[in-house]
Amino acid sequence: GAIADTLPSSDLTVVIGGASVGDHDHARPAIRDLGGELVFEKVALRPGKPTWFARIGGTLILGLPGNPASAMVCARLFMRPLLDKLCGRDPEPSTRTVVARTRTPLSANGARETYLRAAVASDERGQVWAHAAARQDSSLISIFAAAPALIVRAQDAPEIAEGALVDVLCP
């Protein structure tokens, strides 16, 4: 299959889609069938819960969700630092956040760390502001054109008012 074909010549294989547990999600069973070791099978993130990571021999395999926004967020969180590390670069700058004030109130967060697509800008005084996109549906990719940053909300974070400080992962 397609995954097996990449193994002899790849340090990293990225699989997008087929990552969840539905009838048509075959990626993780394929890894097991190839004798792979699943390092983790899901993450406590929103969007991106079905993200997984495996090893087969010397090849690392990152499984990203099929929903476009979920795949993009998890590529930013997992693939970019992994590629930095594989290329001998420090992965820390790709995961560094800045502190901004939110332009909108944010509701309380659930049991998963959440990444809200957002636009970031500075005002005339140099204050950085983050404006969360009104729609956060993980099937929407167009949001990233206007909102390329990610507001980071910790697990079980309380509701916050407009003007509160938030951590933002910038592009």
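Every number in this text was worked out from the coordinates using simple rules, so none of it is lab data. Source: prediction; values computed, not measured. Because the Cβ atoms are built from the backbone with ideal geometry, glycine has one as well, and the counts that use them run over all protein chains shown.
Taking only the Cα atoms of segment 2-92, how large is their convex hull per residue, in Å³?
94
Which order do peptides 106-115, 152-161, 65-74 fall in by mean Cβ count within 10 Å, highest first?
So the peptides 106-115, 152-161, 65-74, ranked by packing, come out 65-74, 106-115, 152-161.
What is the local net charge at Ile143, summed over the other residues whose Cβ is closer than 13 Å to its Cβ (Lys, Arg +1; Asp, Glu -1)?
Computed value for this residue: +1.
Amide H neighbours of Leu60 under 5 Å, counting only residues 5+ apart in sequence or on other chains, H built in-plane at 1.01 Å?
Leu12, Thr13
How do the peptides 35-41, 137-143, 76-82 rank, highest first, by the average count of neighbouring beta carbon atoms within 10 Å per residue?
My ranking of the peptides, most packed first, is 76-82, 137-143, 35-41.
Normalised by the residues of the chain, what does the relative contact order come to in percent, with Cα pairs under 8 Å and at least six apart?
With pairs under 8 Å counted, the relative contact order is 20 percent.
In a solvent-free Debye calculation with one equal scatterer on each Cα, what is log10 I(q)/I(0) for segment 97-143 at q = 0.18, 0.21, 0.23 Å⁻¹, listed in the order of the q values?
Values, matching the q order: -0.65, -0.83, -0.95.
Sum -39500 (n - 2.57) across every DSSP H segment of at least 4 residues in the chain, then divide by the residue count to get the 222 nm mean residue ellipticity, nearest 500.
-4000 deg cm²/dmol
Amide H neighbours of Gly18 under 5 Å, counting only residues 5+ apart in sequence or on other chains, H built in-plane at 1.01 Å?
Residues meeting the amide H criterion: Gly66.
If you bin the C-alpha pair distances of segment 84-171 every 10 Å from 0, what whole percents do you get?
Here the calculated profile for segment 84-171 is 17, 46, 29, 8, 0.
Projected area of the chain, taken from the Cα convex hull and averaged over every viewing direction, in nm²?
Mean orientational projected area (the chain, Cα hull): 11.0 nm².
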